[in-house]
Amino acid sequence: MIVTVREIAQLGANVLRQTAAVVPDVKSADIQQLINDMQSTLSATEGVGLAAPQIGVSKRVIIVASRPTRRYPSAPLMEPTVMINPSFQPLSDYKAKDWEGCLSIPGVRALVPRYQDIMIHYTDRGGMGASLSLEGFVARVFQHEYDHLEGRVYLDRVESNVDIIAESEYFKL
Ligand code: NI
């Protein structure tokens, strides 16, 4: 199977503002190809997650791949996890603010409130259902990627413009 690094849709592209479609046929060749392309595209970046709309495909597939990178030096290490048709519930009402960035919005960081403890459900690439509880940074990455499936970006959740800064300033923090 040929795997391609795909171009990442940038803020302003319509695909980032659409509600992504449910995937009914996880094991189909086009969905398996989409997953491979997402994995190779994410590997070519310093990102910790990717949603299918970011490579121009409005379908409910995300990858959560928390790992320490230059962009996120203190991120915890986890196996990159492909999640199809994901959903979640908060396990408490508590939200914390922390820094986020997005491959579709280069050069910017902002403080974003997110649930700290969530229960997630998804289908894996083999078609099996899975549930996991996530906390902290990994729960944040999940919610960020989930938002992409709803046509939302993290800037939509920022409480004040004062919380938005240039990435060059973020690296000085
Ligand atoms: Ni993003």
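The values are calculated or read from the model by the stated rules, or taken from the named source; none is laboratory data. None of the values given here were measured: they were computed from a predicted structure. As a convention, Cβ positions derive from the backbone with ideal geometry for all residues, glycine included, and neighbour counts pool all protein chains shown.
Filter the range 42-56 down to the residues that are more than 13 Å from the ligand (Cβ to nearest atom) and at pLDDT below 95 and list them by number.
Passing the criteria: S43, A44.
If the requirement is being within 15 Å of the chain's Cα centre (by Cα) and in contact (Cβ under 8 Å) with a residue 40 or more places away in the chain, which of these qualifies: Y154, Y170?
Y154
Quickly run through the range 1-46 and pick out the residues that are in a loop (DSSP other than H, G, I, E, B), in contact (Cβ under 8 Å) with a residue 40 or more places away in the chain and in contact with an Asp or Glu (Cβ under 7 Å, 6 or more places away or on another chain).
R6, T19
Could you check how many residues of the range 126-156 are buried (at least 18 other Cβ atoms within 10 Å of the Cβ), closer than 17 Å to G101 by Cα and more than 12 Å from the ligand (Cβ to nearest atom)?
3
Which of (1) free of Cβ contacts under 8 Å to residues at least 40 places away in the same chain; (2) surrounded by fewer than 18 Cβ atoms within 10 Å (Cβ to Cβ); (3) of a type outside the set (G, A, S); (4) part of a strand (DSSP E or B) does I118 not meet, given it meets every other one?
Tallying (1) free of Cβ contacts under 8 Å to residues at least 40 places away in the same chain; (2) surrounded by fewer than 18 Cβ atoms within 10 Å (Cβ to Cβ); (3) of a type outside the set (G, A, S); (4) part of a strand (DSSP E or B), I118 fails exactly one: (2).
Consider the range 157-171. How many of its residues are among the acidic types (D, E) and within 15 Å of the ligand (Cβ to nearest atom)?
Final tally of qualifying residues: 1.
A75 versus (1) assigned to a helix (DSSP H, G or I); (2) farther than 16 Å from R125 by Cβ; (3) over 13 Å from the mean Cα position of the chain (by Cα): which is the lone unmet condition?
(1)
Can you tell me how many residues in the range 57-75 are surrounded by 14 or more Cβ atoms within 10 Å (Cβ to Cβ) and either within 15 Å of the ligand (Cβ to nearest atom) or touching a residue at least 40 places away in the same chain (Cβ under 8 Å) (or both)?
Looking only at that region, the number is 12.
Here are Q39, Q10, Q33: which of them is surrounded by 14 or more Cβ atoms within 10 Å (Cβ to Cβ), farther than 24 Å from A139 by Cβ and modelled with pLDDT of 95 or more?
None of the others qualify; the one that does is Q33.
Look through the range 78-125, keep the residues that are within 16 Å of the ligand (Cβ to nearest atom) and of a type in the set (K, R), and return whichever of them is nearest to the chain's Cα centre (by Cα).
R114
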